[in-house]
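A short write-up of the structure that comes next.
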Amino acid sequence: MERVLSLLQEVSEGKARLDLENTLLAFNELPLPQLFKFADRVRERINGNTCTFIIDRNINYTNVCEVRCSFCAFSRDENDKDAYTLSLEEILSKVSEAKEFGATQVMIQGGLNRKTGLSYITKVFESIKKNFPKITIHSLSAPEIEFLSRLEGLSFRETLKILKEAGLSSLPGGGAEILVDDVRQVVSPKKTRTDVWLKIHEEAHKLGLPSTATMVIGHKENIKDRITHLLKIRDLQDKTGGFMSFIPWVYYPGKTKLGGRKTTAADYLKTLSLARLFLDNIKHIQASWLTVGKAVGQIALQAGADDLGSLMLEENVVRSTGHQVVSMKIEEMVHLIKSAGRKPAQRSTDFSIIRVF
């Protein structure tokens, strides 16, 4: 115990780095308040007292998906009654509504649908940039990039270059789940392998397309799997420096084939704290208030998080599990952050500050 505490003190000061073994010990042996204390010191050292948020909109252009992961309640087969694919006009209407609410970013993602190939996506991006030049397109997960590349017979780099020219600015971290193939074989056997997910993000970073990194916890992974995931993210960040932030998400089992039980707030907060301590080369840690609730999201600001993500003008994937998703007004977000003793600030996709409250 004393050895781990001593190491975490050095880590909090930026003088040492955690490895898998010591992180596992910290997870299993240290109480939450101690982990919070060390993680919060790292947060303060790297980001000061500011807590950021963004105004954006998630636009899921299709729910038709040929992969149908067992943990997903959103995807549909093409012939299902509630299967859909948005038209360009419908997407532009959603972007227009988001702009009216003050959004600076859209996150466009969808199922792996052969009818929404590269020509569909590039037309969407080009139209958004033409009509809303100030809106940032932070879109398409690694599985979507892999799917488009395979569909068009292109390399990942070629596909990403075409998308960048069409208006893509950065990639979200979707599709990561847990970057351990033994786990992926259970929860999403048809989906992007670990090495492919990492390769796509590496190619994006080389092209000047930054990205976020994510992790979904509470399904079939164990704690060692989570730390292995963090190690792979950290190793790639050492190589490229392209990850803007890290976002742990909680798995919701409702209406999924995989089933199970939602993990606890304590498990989420412990994982977030250790992520802040472990990922010494990623500046921002986002608390996923969407999946854990506003109260736990606020507590996360004392556990290493410096960002509360989006006001969530639209969300469909988590909602499809039966979880009640509500948006948040700016005034509520500002109050949430201020009452946690932090300075609220609206940010852009790249974490530039737009305004301070």
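The values are calculated or read from the model by the stated rules, or taken from the named source; none is laboratory data. Bear in mind the structure is a predicted one, so any value in this text is a computation, not a measurement. In this analysis, Cβ positions are derived from the backbone assuming ideal geometry, glycine residues included, and neighbour counts consider all displayed protein chains.
Structure summary
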item: Segment 161-186, residues that are hydrophobic (A, V, I, L, M, F, W, C) and surrounded by fewer than 22 Cβ atoms within 10 Å (Cβ to Cβ); result: I162, A166, V180, V183, V186
item: Criterion (among the aliphatic types (A, V, I, L, M) and either at pLDDT below 95 or on the phi > 0 side of the Ramachandran plot (or both)) met by exactly one of V67, V42; result: V67
item: Helices (runs of 4 or more DSSP H) within segment 95-193 that include 2 or more residues touching a Gly at 6+ places or on another chain (Cβ under 7 Å) and at pLDDT 95 or above; result: 118-131, 142-152
item: Any hit, segment 197-208, residues being within 22 Å of Q105 (Cα to Cα) and out of contact with any helix residue (DSSP H, G or I) (no Cβ under 8 Å at 6 or more places or on another chain); result: no
item: Members of segment 92-117 that are more than 23 Å from the chain's Cα centre (by Cα) and either buried (at least 17 other Cβ atoms within 10 Å of the Cβ) or among the β-branched types (V, I, T) (or both); result: L92
item: Any hit, segment 68-91, residues being within 25 Å of I178 (Cα to Cα), without any contact (Cβ under 8 Å) to a residue 60 or more places away in the chain and loosely packed, with under 14 Cβ neighbours inside 10 Å; result: yes
item: Condition check for R57: surrounded by 19 or more Cβ atoms within 10 Å (Cβ to Cβ), assigned to a helix (DSSP H, G or I) and of a type outside the set (A, V, I, L, M); result: no
item: All positions within segment 39-54 that are part of a strand (DSSP E or B) and crowded, with 21+ Cβ neighbours inside 10 Å; result: C51, T52, F53, I54
item: G110 in contact (Cβ under 8 Å) with a residue 12 or more places away in the chain and on the phi > 0 side of the Ramachandran plot; result: no
item: Residue check for Y268: crowded, with 22+ Cβ neighbours inside 10 Å, modelled with pLDDT under 95 and not basic (K, R); result: no
item: Residue among I233, I223, I227 that is β-branched (V, I, T), surrounded by 21 or more Cβ atoms within 10 Å (Cβ to Cβ) and either farther than 20 Å from F351 by Cα or more than 13 Å from the chain's Cα centre (by Cα) (or both); result: I227
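Let's see how each residue does on (1) part of a loop (DSSP other than H, G, I, E, B); (2) at pLDDT below 95; (3) within 15 Å of the chain's Cα centre (by Cα):
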| residue | (1), (2), (3) |
| --- | --- |
| A303 | yes, no, no |
| E314 | yes, yes, no |
| Q324 | yes, yes, no |
| S327 | yes, yes, no |
| G341 | yes, no, no |
| P344 | no, no, no |
| I354 | no, no, no |
